[in-house]
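To start, the structure under review is shown below, and the notes come after it.
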Amino acid sequence: MVDGELIVQNGKHAGTKVPLVAPVMVIGQAEQCDARLMGQGVGPVHCFVTLTPDGPALRSWYPDETLVNGTPTAAALLKNGDDLKVGPCVFRVAWYADALVSLVPVPPPAPPVVQQPLETGPATYDLSERVGPSSEEVAKLAALLASRRQHVATLFEELAAQREELRQHRAKEKAATAADRAEAKQMRIQLDRMRHAARAQRIRAKKVYARFLRRLKARWATERLAVAAEREGVDAVRRRLTDEMARFEADREQVAATAGSYREQLQSAWEMVTKGRTQLAQERSETMAALESERERLTAQAADLAAREENLEVIRLEVTTRSERILGEITRLETRAANARAVVRQLETEREALEAGGVAATVTQGVSLLPVEAERVPLTGPMTRGTDEFLTDLMTQQRDLDRERHGFARVRQELERRAADLHDQRMVVAEQMAAIAVARQLWQTAEYRAVDELETLARGLDVRERDLNAQSGELARTDATRQRREKELQELREKLETWQTELTDRVQQAIADRELQRVELATKREHLTKWEASLDKLCRKWSAAREQEAVLLQGELSQWFATRARSQARLAELDQTRDQLLADATRVAAQSIAVEQVQQEMSTGSRGPLAVRRLRVLRKHWEKQFTRARRDIDARRAALANELSAAEVRYRDLTRVLTEAVTQRAAVAEAEQFAEAARAVKERELEDRAVILSLEAERARRAGEPVMLRLVKPEDSGIAGVIELRRAG
């Protein structure tokens, strides 16, 4: 029970009771004050109230702001019911010590022999039967009191030492926890650094792959540009050939126009001959002789033409036979190509079946089937060739164009030769015209009677000459057609032989390239497998390290819990020791009161009312002091227990949150690693699919050109398969 209280009279805290703290209660704004007031006019240490046997005493350092019953006061003795105003706060003094201590009225003096027994409480010694203590008892009591006091001092020192030890232990635990947190933070930073390094390596690998893909695309673009340039060159050659053909047609038209003019000149010459019929009479005999010789020559030419026609018929039959034989070979080659396509389809079916059955590799008819990725290039389709094959095909077309160019050059030489022959004929005609001009002068003097006969003969000769010219032209065209067909057959035979040789070399080169690519693919897969194994090993290492850290953390937490349990047990022991010390102090206080009472009796020699009241007041005062100290200690112990329980709950929450954070971070890290791996695999598949789709698009674009695929059976050529390409035109 408290001795007194200050009851708040104003403000929102009206009615609140503030107990008076023994021995001194400080009021002010400072943190160390027992009652903190934050109003205006309140100093840091405004005043204090001390408890005395006569009541609470007030001492103020701000008398103007300290009013007792409305009067400024620097020092005063407060009574029950007084109003104390500190700044804006008003308190009502409630003092209970006067009610607890009942004053005994002073009786009249009595004889010293008669002594009334003193009614005391349970903690008061009854000394009515004792006349007076001896000096030996007083010395023993004094020694016992000194030993008790020394023991109490020792216990207080031990309590202070144990509190200091507990404080140091808590500081060590706090430092260890901070160190563990720092270590965990450092390990987390190291893990983040390693994760960043792994992410950087993945980014670097992606950049290398992207650089390789860009180079591959650039190479494809360069090759496409080269092919486009070659096509432009071929188109330019074709345009030049077209221009040459146009010039040839123009020259032929010019020759036809020249021949027409020549015919007109001949007609004018024949008109001149008509006029000079008289002159031709003299040369009739010579002309008849010349005509007879010319007739014999024409007869010989007709026989020669008949023999040539027979030879051409024989050659035509031979060419027809060879063409049929070549067509038969082509049919057989097409049959072999169909058989080879069937074999390829069968191999494709077997490969799909093997992939569905999970077989690593199977050898069927000399072809090794390996497991491929989900996105594979089909073996059948409109185009199954690579860039090298396209380039070889373009080179073949270039050689064909060169041969055609050489053929056109030969045709041009033939045309130039014919133009030279035509020029020679023109010279001959010019000479004949000169001779005709001379003869015209001679024919003008000839007789007119031979004109009709010469005209009739000339007309007959003209008709016959036209027939002979027509037959000669037909024979020349037939001969040219035969030569052209022979040349085409010879060129076709050479082309077939060349194609077969080139395709054999190409297939061997393709097989070697395929084997090299297969080895490179196996090497890349092995490298990828090693890289994935290293990443898995690193992930397992990280997981093991995290699990080991979690185990260590759990062990440290268990150790901390055990240490905290020991600390709590130690605190319980300290509380028991404190209770024992308080009990000892209470007993010592009672004994001291008894000693003081004995000393007073020895000094006064009487037991008056003042002594009794003095003893009661002292007993009540010590009981209140020890009760207040015990309550204070109990309150502080309860507060410390509450703080300890709150700290324990907080530590448990922090431990749980830390464990969940570590587990969640580990799960997030593993999820990020799996996501990164899946994203890398997906990106690689998408890039491979993009490359394959671009290749298929290029093949589909090139598939629009006329291409003939032929396969030769292994038993005929001795190789797995030969693809024979021949472009039309």
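The values are calculated or read from the model by the stated rules, or taken from the named source; none is laboratory data. All figures in this text were calculated on a predicted structure; none of them were measured in a lab. Positions of Cβ are backbone-derived with ideal geometry, glycine not excepted, and every protein chain shown enters the neighbour counts.
Tabulated values for the structure
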quantity: THR498 β-branched (Val, Ile, Thr) and closer than 30 Å to ARG188 by Cα; calculated: no
quantity: Single condition ALA583 does not satisfy, out of (1) of a type outside the set (Val, Ile, Thr); (2) modelled with pLDDT of 70 or more; (3) under 21 Å from ALA143 (Cα atoms); (4) surrounded by 17 or more Cβ atoms within 10 Å (Cβ to Cβ); calculated: (4)
quantity: Per-region count, the range 59-76, residues within 18 Å of LEU20 (Cβ to Cβ), modelled with pLDDT of 90 or more and of a type in the set (A, V, I, L, M); calculated: 1
quantity: Residue that is free of Cβ contacts under 8 Å to residues at least 24 places away in the same chain and part of a strand (DSSP E or B), where the choices are LEU67, LEU51; calculated: LEU67
quantity: Of the criteria (1) in contact with a strand residue (DSSP E or B) (Cβ under 7 Å, 6 or more places away or on another chain); (2) more than 21 Å from GLU623 (Cα to Cα); (3) surrounded by 14 or more Cβ atoms within 10 Å (Cβ to Cβ), which one GLY87 fails; calculated: (1)
quantity: Given (1) under 21 Å from GLU173 (Cβ atoms); (2) at pLDDT 70 or above; (3) loosely packed, with under 13 Cβ neighbours inside 10 Å, number of the condition ARG650 does not satisfy; calculated: (2)
quantity: Pair list, Cβ < 6 Å and 6+ apart or interchain, from the range 457-483 residues that are over 16 Å from ALA300 (Cα atoms) to residues that are in a helix (DSSP H, G or I) and not β-branched (Val, Ile, Thr); calculated: THR478/LEU312; ARG482/LEU312
quantity: Subset of the range 2-34 (residues that are in a loop (DSSP other than H, G, I, E, B) and within 20 Å of VAL45 (Cα to Cα)); calculated: LEU20, VAL21, ALA22, PRO23, GLN29, ALA30, GLU31, GLN32, CYS33, ASP34
quantity: Qualifying position, being more than 60 Å from the chain's Cα centre (by Cα), of a type in the set (D, E, K, R) and not assigned by the TED database to the domain that holds ALA300, among ARG459, ARG403; calculated: ARG459
quantity: Single residue of the range 310-348 satisfying the filter (touching a residue at least 24 places away in the same chain (Cβ under 8 Å) and acidic (Asp, Glu)) that is nearest to GLU488 (Cα to Cα); calculated: GLU334
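Here's the yes/no breakdown for (1) at pLDDT below 75; (2) surrounded by 13 or more Cβ atoms within 10 Å (Cβ to Cβ); (3) in a helix (DSSP H, G or I):
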position: GLY381; (1), (2), (3): yes, no, no
position: ARG385; (1), (2), (3): yes, yes, no
position: ASP388; (1), (2), (3): yes, yes, yes
position: ASP393; (1), (2), (3): no, yes, yes
position: ARG410; (1), (2), (3): no, no, yes
position: GLU414; (1), (2), (3): no, no, yes
position: ALA420; (1), (2), (3): no, no, yes
position: ASP424; (1), (2), (3): no, no, yes
position: GLU431; (1), (2), (3): no, no, yes
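One line per residue, one yes/no per condition, for (1) among the hydroxyl-bearing types (Ser, Thr, Tyr); (2) modelled with pLDDT of 80 or more; (3) more than 30 Å from ARG564 (Cβ to Cβ):
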| site | (1), (2), (3) |
| --- | --- |
| LYS172 | no, yes, no |
| ALA179 | no, yes, no |
| GLU183 | no, yes, no |
| GLN186 | no, yes, no |
| LEU191 | no, no, no |
| ALA210 | no, yes, yes |
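Residue-wise test of (1) within 37 Å of the chain's Cα centre (by Cα); (2) of a type outside the set (A, V, I, L, M, F, W, C); (3) within 30 Å of GLN425 (Cα to Cα).
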residue	(1), (2), (3)
ALA197	yes, no, no
ARG224	yes, yes, no
ARG247	no, yes, yes
ARG252	no, yes, yes
